[in-house]
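Visitor: I'd like to ask some things about the structure below.
The values are calculated or read from the model by the stated rules, or taken from the named source; none is laboratory data. In this text the structure is predicted, and so the values were computed from the model without any measurement. Don't worry about glycine lacking a Cβ; one is built from the backbone with ideal geometry, like all the others, and counts go over all protein chains shown.
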Amino acid sequence: MSAKPLVRTDFDVAAIRRDFPILQQSVNGKPLVYLDNAASSQRPQAVIDAISHYYERDHANVHRGVHVLSQRATDAYEGARDVIRNFINARDTKEIIYTRGTTEGVNLVAQSFLRPTIQPGDEILISALEHHANIVPWQLLCEQTGAVLKVIPIDQRGVVDFAAFEQMINPRTKLLGLAHVSNALGTIVPVEQFVAVAKRHGVPVLVDGAQAIPHTPVDVQALGCDFYVFSSHKMLGPTGMGVLYGRKEVLEKMPPWQGGGDMILSVTFEKTTFNQLPWKFEAGTPHISGAVGLAAAINYLQQIGMDRIASYENELLEYATDRLTRLPGLRVIGTAPEKAAVVSFVFDGVHPHDIGTIVDTEGVAIRTGHHCAMPVMDFFKIPATARASFAFYNTFEEVDRLVAALEHTRRILS
């Protein structure tokens, strides 16, 4: 057995775990080991309390209400926007658009930013690592407009081919869409390098940050991207809530993509005048408690420190990779030199779904399947992988529990 790394004494994972009520339970008679964080993270008590407090004390519809509850709800809802702005270092709260999640953010950009101007034969450039959410909206747009979707290849490590990208970008390229971190493999994409090249060519860039923002500091101004999209539920917040960051000067030129209440200033049967940023893109009654919960999640993350989280999770990744690769018949899929805390793997002769089912009997929760990245699976010529994805509340002992559960799986199926 590999020795556990020495963890800094300032990172008290035991104390952190006490903040997460769901981690205190047993599953199938065993203490829960939750290693499905890339699909959805868990929530600390602070987030649960913030949402409960909102519903118990402050709930009302936001904007235009003159009564106290509406004003308190509006303050919490709009205050959350500034928390998010600060967290990603956006210049202005007007650059923070609330969405239902990463997927809606990508679709909004596809339909509002790109569709009005893209022409037949124009190209949209994405990588072969992408989640379906950063593939399908562009495919739909291409079908609607006659544009062409181009795919930057990856190598056998799961690294995006930068040299190929430099050859592929051209005057017909109208947008570059890249995952910051691969959900299926954990590859960290050096998006700053890609953005720099895109900018030299005058190509706008959308970054899918769903898998990056829970694990590492994100500075959208330093990245230089035009759009950055992410989801609340990946970063300790509630489901059904997400954020589209867009550069103000770009967003101001984009038309609304949904019509209804709250995205208007005035309506007659002859003409509608649309609201200012950010509300122009936020039609209908919003997910108020989602914004409140996301702000609480960000505050919690910032109290711990994103640099500390990234460092600890990297230690977990190194330990897990070392232990798992020692198992006979196990092969890690995705061996990029720079990775987030995700280990995707296959076991010789065992379908990943069987792996997931058996380790669950040992109280270990992992994800199995194609992870909404079927082209990645096709590239590696496999139907699926088993994926263990870690958060800062996981422990080295839980890695050992995963390894023991996999050894149990092998004994059962041998």
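Visitor: Would you say A283 is modelled with pLDDT under 95 and aliphatic (A, V, I, L, M)?
Guide: yes
Visitor: Taking only pairs six or more apart or across chains, which ones have beta-carbon atoms under 9 Å, a first residue in the stretch 165-176 that is over 16 Å from T117 (Cβ atoms) and in the same structural domain as R115 (by TED's automatic domain parsing), and a second residue that is in a strand (DSSP E or B) and hydroxyl-bearing (S, T, Y)?
Guide: F165/S127
Visitor: Among the residues of the stretch 215-225, which ones are without any contact (Cβ under 8 Å) to a residue 60 or more places away in the chain and surrounded by fewer than 24 Cβ atoms within 10 Å (Cβ to Cβ)?
Guide: Result: L223, G224.
Visitor: Within the stretch 37-64, track down each residue that is assigned to a loop (DSSP other than H, G, I, E, B), surrounded by 20 or more Cβ atoms within 10 Å (Cβ to Cβ) and among the small types (G, A, S).
Guide: Once the filter is applied, which keeps residues that are assigned to a loop (DSSP other than H, G, I, E, B), surrounded by 20 or more Cβ atoms within 10 Å (Cβ to Cβ) and among the small types (G, A, S), the stretch 37-64 yields A38, S41.
Visitor: Are there helices (runs of 4 or more DSSP H) fully within the stretch 334-414 with at least 3 residues that are of a type in the set (D, E)? List them.
Guide: Ranges flagged: 396-413.
Visitor: Then there is this: So the check is Cβ under 8 Å with 6+ separation or different chains; which pairs have a first residue in the stretch 131-151 that's of a type in the set (S, T, N, Q) and a second one that's part of a helix (DSSP H, G or I)?
Guide: So the pair list comes out as N134/V106.
Visitor: Another question, then. Take N299 and decide whether it is in a helix (DSSP H, G or I), of a type outside the set (A, V, I, L, M), surrounded by fewer than 20 Cβ atoms within 10 Å (Cβ to Cβ) and free of Cβ contacts under 8 Å to residues at least 60 places away in the same chain.
Guide: Considered against the rule, which asks whether it is in a helix (DSSP H, G or I), of a type outside the set (A, V, I, L, M), surrounded by fewer than 20 Cβ atoms within 10 Å (Cβ to Cβ) and free of Cβ contacts under 8 Å to residues at least 60 places away in the same chain, N299 comes out as no.
Visitor: If I filter the stretch 119-126 for residues that are surrounded by fewer than 18 Cβ atoms within 10 Å (Cβ to Cβ) and in contact (Cβ under 8 Å) with a residue 60 or more places away in the chain, do I get at least one hit?
Guide: Among the residues of the stretch 119-126, not one is surrounded by fewer than 18 Cβ atoms within 10 Å (Cβ to Cβ) and in contact (Cβ under 8 Å) with a residue 60 or more places away in the chain, which makes the answer no.
Visitor: Another question, if that's okay. Out of the stretch 93-150, which residues are of a type in the set (S, T, N, Q) and not in a helix (DSSP H, G or I)?
Guide: T99, T117, Q119, S127
Visitor: Looking only at the stretch 261-278, which residues are buried (at least 16 other Cβ atoms within 10 Å of the Cβ) and either touching a residue at least 60 places away in the same chain (Cβ under 8 Å) or under 21 Å from the mean Cα position of the chain (by Cα) (or both)?
Guide: Scanning the stretch 261-278 gives D262, L277, P278.
Visitor: Follow-up. Can you pull out every residue in the stretch 58-98 that is basic (K, R) and over 13 Å from I288 (Cα atoms)?
Guide: Scanning the stretch 58-98 gives R64, R85, R91, K94.
Visitor: Could you list, in sequence order, all residues of the stretch 135-165 that are surrounded by fewer than 16 Cβ atoms within 10 Å (Cβ to Cβ) and not hydrophobic (A, V, I, L, M, F, W, C)?
Guide: Q139, E143, Q144, G146, P153, D155, Q156, R157, D161 - these are the residues of the stretch 135-165 that are surrounded by fewer than 16 Cβ atoms within 10 Å (Cβ to Cβ) and not hydrophobic (A, V, I, L, M, F, W, C).
Visitor: Additional query: Residue by residue through the stretch 329-356, note down the ones that are loosely packed, with under 15 Cβ neighbours inside 10 Å and in contact (Cβ under 8 Å) with a residue 24 or more places away in the chain.
Guide: Matches in the stretch 329-356: G329, P337, E338, G349, H353.
Visitor: Right, K30: in contact (Cβ under 8 Å) with a residue 12 or more places away in the chain, touching a Gly at 6+ places or on another chain (Cβ under 6 Å) and either surrounded by 20 or more Cβ atoms within 10 Å (Cβ to Cβ) or among the basic types (K, R) (or both) or not?
Guide: Yes, satisfied.
Visitor: Among the listed residues R57, R100, R43, which satisfies the condition of being over 27 Å from H371 (Cα atoms) and basic (K, R)?
Guide: Only one candidate qualifies: R57.
Visitor: For the stretch 311-329, state whether one or more residues are of a type in the set (G, A, S), at pLDDT 95 or above and at positive phi.
Guide: No, the stretch 311-329 contains no residue that is of a type in the set (G, A, S), at pLDDT 95 or above and at positive phi.
Visitor: Would the stretch 384-399 turn up any residue that is surrounded by fewer than 23 Cβ atoms within 10 Å (Cβ to Cβ) and over 19 Å from K30 (Cα atoms)?
Guide: Among the residues of the stretch 384-399, at least one is surrounded by fewer than 23 Cβ atoms within 10 Å (Cβ to Cβ) and over 19 Å from K30 (Cα atoms), which makes the answer yes.
Visitor: Can you name the residue in the stretch 175-214 that is crowded, with 24+ Cβ neighbours inside 10 Å and assigned to a helix (DSSP H, G or I) and, of all such residues, is farthest from the chain's Cα centre (by Cα)?
Guide: F194
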